[in-house]
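Notes to accompany the following structure.
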Amino acid sequence: MKLLYSFLKDMKLASKSFYFYMELGIALIFVVVLLFIVPENPDPKMDVYAYIDLQGPYKTMTEEALSRENTDLIMLNSREEVKAELKGNRGSVGLVITQADDRIVYEYILQGYEGEKFRNILKTSTEAGFVSEAANYRSVTNVITLEEDTEKLSLRLNILPVFLAYNAAFMGLFIIAAYIFLDKEEGTIKAFAVTPARVWHYLLGKVGVILVSGLMSGLVATIFLAGLKANYLHLILLLIATNAFGSTVGLFIASFFNTMVKAMGWLYVIIIILSFSAVSYYLPAFSPLIIRILPSYPMLFAFRETLYDVGNTGYIYTNVLGFSAASVILFLLANYRFKKTLTV
Amino acid sequence: MIKVEGLYHSYTKNEKYAVQDLNFEIAKGEVLGFLGPSGAGKSTTQGVMTGLLQLQKGNVTVAGFDVRKISRTMFNKIGVSFEQSNVYGKLSGLENLEFYRKLFDVPTEDPKAMLELVGLDHVADQKAAEYSKGMKHRLTFVRSMLNKPELWFLDEPTTGLDPAIASQIKDIIKKKKEEGTTVFLTTHNMYVADALCDRVAFIIDGVIKLIDSPRNLKLQYGERLVEVEYREGDCLKKEKLSFLDRKDRSHLTEIVNAGNIEMMHTKEATLEEIFIKVTGRGLK
Ligand SMILES: Nc1ncnc2c1ncn2[C@@H]1O[C@H](COP(=O)(O)OP(=O)(O)OP(=O)(O)O)[C@@H](O)[C@H]1O
Ligand SMILES: [Mg+2]
């Protein structure tokens with residue numbers, strides 16, 4: 001009962017505080033950004049500004065070949081015009097094709113930020129283009145699909161797990177610490193400590209508040225971005241387990257300090273370290289062990305699984321159990337420490 | 001109700017003690033006043049007794065519980081008021097009390113009646129953050145009464161209050177005392193201490209210098225003076241005469257016989273004067 005009262009009181013306090021809305025606010029901003037700014041699937045087409053100075057059959061042949069490519073070809077009348085257009089559109093390349101003696105000269109005008117890889121692709125695809133135009137060309141390229149039914153998530157849905165992990169799960173790390181230090185500052189912890197209520201009532205009440213705001217922001221973001229595509233049962237279980245993990249880590253760290261300022265450094269370092277796993281999430285080729293052992297690493301993939309039509313249920317439940325168990329342990333440790341330090 | 005033996009406490013966990021070798025007892029129904037200048041160790045002592053500070057050295061028993069292993073149920077029996085008010089600023093006065101009373105397992109007072117008791121009923125629904133300092137202090141004070149404590153810890157309950165309200169608070173404590181509540185009272189206010197305490201302890205630099213009843217202290221240290229103002233011819237004269245001095249006594253008789261007395265009153269030593277006499281230091 002005291003736990004319930006403590007939780008309800010904290011909810012009431014939280015509903016009047018800035019932090020509570022911050023998380024939800026970030027969720028809404030995130031949704032808006034993703035819905036209106038990030039395209040569902042980024043357009044792989046690239047604008048090409050071209051100036052072709054060829055004669056006769058060469059001209060039509062080249063134009064035909066280019067229009068078959070996956071590009072938007074914009075024809076211009078001079079090399080200068082191409083350069084001018086390039087300046088106005090950073091996502092474009094310029095192409096100038098001229099005739100010198102008996103040879104056709106391909107000249108790409110790039111923006112300057114393109115890497116070696118991109119240049120090579122341009123080069124080989126240009127060469128390949130000519131090869132395929134040759135009379136006795138035969139395609140020898142075979143595409144082999146590694147996993148027959150791999151589902152590819154849209155760009156938006158691929159970003160969502162990162163949001164869920166960092167806003168819905170780990171934001172609580174900071175906020176729970178902030179709540180506790182606010183109470184310390186106000187001195188209300190001392191008043192609480194001289195009642196029959198227990199320290200764990202107090203702590204668990206706070207975890208509950210963080211859970212409510214974490215669930216809200218996580219669900220809001222998912223509903224808007226994934227709609228019915230997500231498995232909400234799995235998502236909710238995972239949100240509960242990971243959010244509890246985040247707040248108990250926060251509690252544990254907070255138990256070593258008596259002001260927010262002192263705890264801030266550690267909280268910050270932890271968040272930064274945890275966010276390294278987002279790199280491996282986007283670049284699977286870069287997954288050193290040091291990143292794979294971060295709790296945020298499996299968390300990201302587990303959140304992603306909840307977005308697939310057929311998610312890896314085993315993986316999700318392993319994560320739910322793992323994070324729940326870790327939360328319980330961290331909570332017990334924090335409780336043990338706070339029993340001694342909460343009122344000092 | 002309270003037994004303290006050889007209590008030491010150091011915030012820095014070294015030889016620098018905030019209080020050292022404290023020994024005292026408080027009987028059931030007794031009011032013990034802790035008097036001492038700022039930094040003497042009064043709040044530290046209360047902190048250890050209420051379990052807010054961990055007991056480092058010594059033995060402390062409160063309401064039958066060893067504070068080394070406090071049972072949470074002990075807090076049903078005790079009430080604690082703090083020197084710095086600590087209420088939830090975002091909750092109203094009433095909400096603060098409503099929440100707090102639910103944390104106890106024993107019958108509690110009616111929050112509205114409590115607010116009325118300290119004159120806060122008109123701001124019951126206002127956020128505590130908007131209260132004045134004195135109002136917050138009264139809310140903190142009255143919160144400590146909610147569980148009808150048998151043992152009451154009051155850390156400077158009248159500090160920062162205007163005299164009228166301070167006197168009101170004093171009356172509330174007096175009434176509780178008459179009902180049998182045991183009180184550990186820390187104060188700077190000598191009149192409050194004098195009016196309420198069965199015994200007072202003088203504490204300075206973490207050490208208790210003396211514990212006795214205000215009456216005994218006055219008898220022992222007070223000079224028992226008479227202050228008299230009388231007219232002699234055209235001029236007004238003012239003198240302080242001691243009861244203990246033969247010459248003073250006969251001089252006083254002369255003045256009385258002359259019959260020109262404008263004002264005369266006995267002047268007992270105040271606790272403050274005695275404090276200065278005993279410790280060589282003021283209370284402020
Ligand atoms: N949290 C703390 N950390 C370190 N030292 C402290 C702390 N609280 C008090 N002290 C020190 O312990 C000593 C006793 O302080 P305490 O608060 O018990 O005094 P007090 O008698 O209640 O004074 P006041 O009348 O000003 O309330 C002081 O020297 C003070 O500096
Ligand atoms: Mg004090």
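The values are calculated or read from the model by the stated rules, or taken from the named source; none is laboratory data. Source: prediction; values computed, not measured. Glycine also receives a Cβ, built like all others from the backbone with ideal geometry; neighbour counts cover every protein chain displayed. Just the protein is used for accessible areas: all its heavy atoms, side chains included, with ligands, DNA and RNA removed. Shrake-Rupley method; radii C 1.70, N 1.55, O 1.52, S 1.80 Å.
A few points about this structure:
- Checked against the criteria, B:Ala128 does not count as surrounded by fewer than 22 Cβ atoms within 10 Å (Cβ to Cβ) and over 29 Å from B:Glu272 (Cβ atoms).
- Any hit, the range B:180-187, residues being in contact (Cβ under 8 Å) with a residue 60 or more places away in the chain and within 17 Å of B:Gly282 (Cα to Cα): yes
- Residues that are closer than 23 Å to A:Leu160 by Cβ and either open to solvent by 10 Å² or more (accessible area, probe 1.4 Å) or hydroxyl-bearing (Ser, Thr, Tyr) (or both), drawn from the range A:238-259: A:Ile240, A:Thr242, A:Ala244, A:Phe245, A:Ser247, A:Val249
- Qualifying residue in the range B:216-227 (condition: closer than 26 Å to B:Lys77 by Cα and without any contact (Cβ under 8 Å) to a residue 40 or more places away in the chain): no
- In the range A:62-80, the qualifying residues are those that are hydrophobic (A, V, I, L, M, F, W, C) and open to solvent by 40 Å² or more (accessible area, probe 1.4 Å), and the one that is farthest from the chain's Cα centre (by Cα) is A:Met75.
- Those residues of the range A:174-206 which are within 11 Å of chain B (Cβ to nearest Cβ) and of a type in the set (D, E, K, R), in sequence order: A:Asp183, A:Lys184, A:Glu185, A:Glu186, A:Lys190, A:Arg198
- In the range A:291-329, the residues that are open to solvent by less than 40 Å² (accessible area, probe 1.4 Å) and among the charged types (D, E, K, R): A:Glu305
- Of note, B:Asn216 satisfies the criterion of being away from ligand 2 (no atom under 16 Å from the Cβ), within 30 Å of B:Leu252 (Cβ to Cβ) and not basic (Lys, Arg).
- When A:Lys83, A:Lys117 are checked against the criterion of being open to solvent by 80 Å² or more (accessible area, probe 1.4 Å) and touching a strand residue (DSSP E or B) at 6+ places or on another chain (Cβ under 7 Å), A:Lys83 stands alone in meeting it.
- For the range B:56-106, a residue qualifies if it is of a type in the set (Gly, Ala, Ser), touching a helix residue (DSSP H, G or I) at 6+ places or on another chain (Cβ under 6 Å) and more than 9 Å from chain A (Cβ to nearest Cβ), and the qualifying residues are B:Ala63, B:Ser81, B:Gly93.
- Of all residues in the range B:203-242 being within 16 Å of ligand 1 (Cβ to nearest atom) and open to solvent by 60 Å² or more (accessible area, probe 1.4 Å), the one that is nearest to B:Tyr11 (Cα to Cα): B:Asp205
- Identity of the residue in the range B:35-70, away from ligand 1 (no atom under 16 Å from the Cβ) and small (Gly, Ala, Ser), that ends up surrounded by the fewest Cβ atoms within 10 Å (Cβ to Cβ): B:Gly64
- Where helices (runs of 4 or more DSSP H) sit wholly within the range B:39-155, those with at least 1 residues that are within 16 Å of ligand 2 (Cβ to nearest atom) occupy B:42-49, B:133-143.
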